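Written below as structure tokens is the structure these notes are about.
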Amino acid sequence: MNKTIKLTTAQAIVRFLANQFIEIDGVKTRLCGGGFGIFGHGNVTCLGEALYDNQDALPLYRGQNEQGMGFAAAAYAKYHLRQRFMFCTASAGPGTANLLTSAALAHANRLPMLMLCGDAFQTRLPDPVLQQLEHFGDPTLGVNDAFKAVSRYWDRITHPAQIIQSLPAAINTMLDPADCGPAFIGLPQDIQGWTYDYPIEMFEEKMHFIRRVTPDENEVANAVAAIKAAKRPIIIAGGGVQYSRAVKELTAFAEATQIPVVETIAGRANLLDSHDLNIGPIGVTGSDSANFVAEKADVIISIGCRLQDFTTGSWTAFAKDAQIVSINAGRHDAGKHRSLPVVGDAKISICKVWDALASHKAPAEWTSIAIEERAKWSSYVADNVRPGNRPNSYAQAIGVVNELCDPRDRVVAAAGGLPAEVTANWRTLDIGTVDVEFGFSCMGYEIAGGWGARIAQSENEPEQDTIIFCGDGSYLLMNSDIYSAVLTQKKMIICVLDNGGFAVINKLQNNSGNESFNNLIEDTPTAVNQARVDFQAHAQALGANAERVQNPSEFAEAFKRAKAATNTTVIVMDVDAYEGWTTEGHTWWEVGTPHVTTSDKVREAHVEWEDGRKRQRNGI
């Protein structure tokens, strides 16, 4: 007779999660690192009770905002290269709704995150209940259904026995290299407390692994034929290289074939800045060197890249007749723009292609040209980050941090102008140390994501620092996890660079012929009181160390003090909204511009913008 144990649904979920493991670098590790939670009536009585009894196995971090919790969970998973995840639990109604944005971020970035969220009562006996949406024609429809669009796996538990199938399915989704993303499980408030006689086997320790798919021989052969015929090949290295733990294979493959390598935003820190074959970041926020070789390339080997518009310059970065070879775990990504697909794990696929190429090398003249172009870009960056070359700028602050940080410190940026500036100007000192969230480019990720990254970093590299680059706009949108970091003693160094509003969108507004309007505080007609925020005082009120500096020299001294401190530190410096930009390294980018206007400036800008479309590949 099968043995069973009577548990509530919530108790069974927690016990199951506590018994899932994965081996990382030969060490048995719990798959779920714990969770982030804000309790309300929809999750405190039952799920809260179950979590209380499992605090050692699954530590629970108290969030300040559910959206921030989701950002932290995403950053945690990214640090661990998708081999570990955190859960987020929120109450029914607005608490759960606050997770929508962070679920979308995890979905766009292909990052695992488990959401365990309260829901309305399954019996409907007390309906309508507090915070419930009523859809008169469909009583099953509610806020939680909105997560179907931003989840890779979605379920609503309507009977305690359903989690026997639902939990493994959620974990399988989160660990799948091709389908990885957030999983959502809705938990009606009554169901959480209902009991079931669960089979004991459900709670046995289970060791997971990340699947490595071997590519098809025909796909490898087609890729090899294209590469052998290439006169000007390049490699685009994306974030999937790191998730496959294939950096060594990528580096060895590039060195053996002498094929130049360019990096995507997610792929930053695949190669060291000093590596001869690292030709720089590609695309809209890239480098002149990478964009030069991309434009000239006849064969483009994309590895672990989803070919987003900031990589492809809205598909103008490459010659129209260039052949793309796409090595990717996901067939959806591997087949884009008539690529020759190699559907498989990056580590295995690189080795298969390399073996089939034998001793083949790219033409030496082509590789030399690429290296020369990178040397020019390196000189530009060195001058661009130099203090005193213009008014205070993002690039100067980035240069200061780059000079003073430890090679293993982790850098986090997300929205506004800073992702472009970090991508273009950061000189990678060690592998896998850069987190520029530009899949969803979400304001607010910086500080909340930094907290999650620091939690993960403290597990493996407690002596290192997590450094956040944050604009004033993102700070104002979501800053409360400064307090979270102080409470949990997860030290961060937060560089708040204040340009008086949404300056990068003001730049786009001006570049498209429009007048400055509603982006910078000074150009907001309804801002009749031109008050400025005292970020230093605000951060101090949240428990952090904080200081305001006037220039890059003072910034450097403040950064040294922050490195030496044990508490979270916020360093504030004003930067110029107009003269503080990196002006080189950009491809064309498609944005919508008015086809009819009364403004001559807008009309001229539209014509000029549309002229860039001549180079656009139309899906081929």
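The values are calculated or read from the model by the stated rules, or taken from the named source; none is laboratory data. As the structure is a computational prediction, the values presented were derived from the model and not from experiment. When we count neighbours, we look across all protein chains shown, and the Cβ atoms used for this are built from the backbone with ideal geometry, even at glycine. What goes into the accessible areas is simple: the full protein's heavy atoms, side chains included, and nothing from ligands, DNA or RNA. Shrake-Rupley method; radii C 1.70, N 1.55, O 1.52, S 1.80 Å.
Viscosity 1.306 mPa s, temperature 10 °C: what is the translational diffusion coefficient of segment 101-257 from Stokes-Einstein with a Kirkwood Rh over Cα pairs, rounded to a whole number of µm²/s? The diffusion coefficient I find is 82 µm²/s. If the segment from Lys563 to Ala358 were pulled out straight at 0.36 nm per residue, it would be longer than the present Cα-Cα gap by 69.0 nm. The residues of the chain expose, per residue, 40 Å² of accessible area to a 1.4 Å probe. Measuring nothing but protein heavy atoms, the accessible surface of segment 75-221 at 1.4 Å probe radius is 53 percent carbon and sulfur.
Of the accessible area of segment 414-495, computed with a 1.4 Å probe over protein heavy atoms only, carbon and sulfur atoms account for 51 percent.
The ellipsoid equivalent to the alpha-carbon distribution of segment 462-620 has semi-axes of 38, 20, 14 angstrom, derived from the gyration tensor eigenvalues as √(5λ) and listed largest first. Here the Karplus curve 6.51 cos²θ - 1.76 cosθ + 1.60, taken at θ = phi - 60°, turns the phi angles of segment 24-34 into couplings of 10, 6, x, 10, 5, 9, 5, 4, 8, x, x Hz, with x standing for Gly and Pro.
By the combined test of axial Cα extent (at least 27 Å) and Kyte-Doolittle hydropathy (mean at least -1.0), the qualifying DSSP H helices of the chain come to 364-384.
Report the full-extension gain for the segment Glu23 to Ala229: residue separation times 0.36 nm, less the Cα-Cα distance, to one decimal in nm. Result: 70.1 nm gained on full extension. Note on Glu608 and Leu272: the extension gain reaches 117.3 nm, defined as 0.36 nm multiplied by sequence separation minus the Cα-Cα distance.
Diagonalising the gyration tensor over the Cα atoms of segment 67-190 and scaling each eigenvalue by 5 before taking the square root yields semi-axes of 26, 15, 11 Å, largest first. For segment 95-162, the equivalent ellipsoid derived from the alpha-carbon gyration tensor has semi-axes of 24, 14, 10 Å in decreasing order. Direction-averaged projected area, Cα convex hull, the chain: 30.5 nm², rounded to one decimal. Roughly how many debye, to the nearest 20, is the charge dipole of segment 61-162 about its Cα centre, given +1 on each Lys and Arg Cβ, -1 on each Asp and Glu Cβ, and no other charges? Result for segment 61-162 is approximately 620 debye, rounded to the nearest 20. For segment 184-297, a crude dipole built from +1 on the beta carbon of Lys and Arg and -1 on the beta carbon of Asp and Glu, taken about the Cα centre, is about 580 debye to the nearest 20. Of Asn2, Leu105, Ala319, which is farthest towards the positive pole of the chain's charge dipole, taken about the Cα centre with +1 and -1 on the beta-carbons of Lys, Arg and Asp, Glu respectively? Working it through, the farthest residue towards the positive pole turns out to be Asn2.
When shorter helices are ignored and each DSSP H run of at least 4 residues is given -39500 (n - 2.57), the per-residue value for the chain at 222 nm works out to -10500 deg cm²/dmol. Modelled this way, with points 7 Å down the Cα-to-C-beta line, the labels at Lys320 and Thr598 are 3.8 nm from one another. Computed in the context of the full set of protein chains, the accessible area of segment 504-556 at 1.4 Å probe radius has 49% of its extent on carbon or sulfur. Dipole magnitude for the chain: about 1140 debye, using +1 per Lys or Arg Cβ and -1 per Asp or Glu Cβ, origin at the Cα centre.
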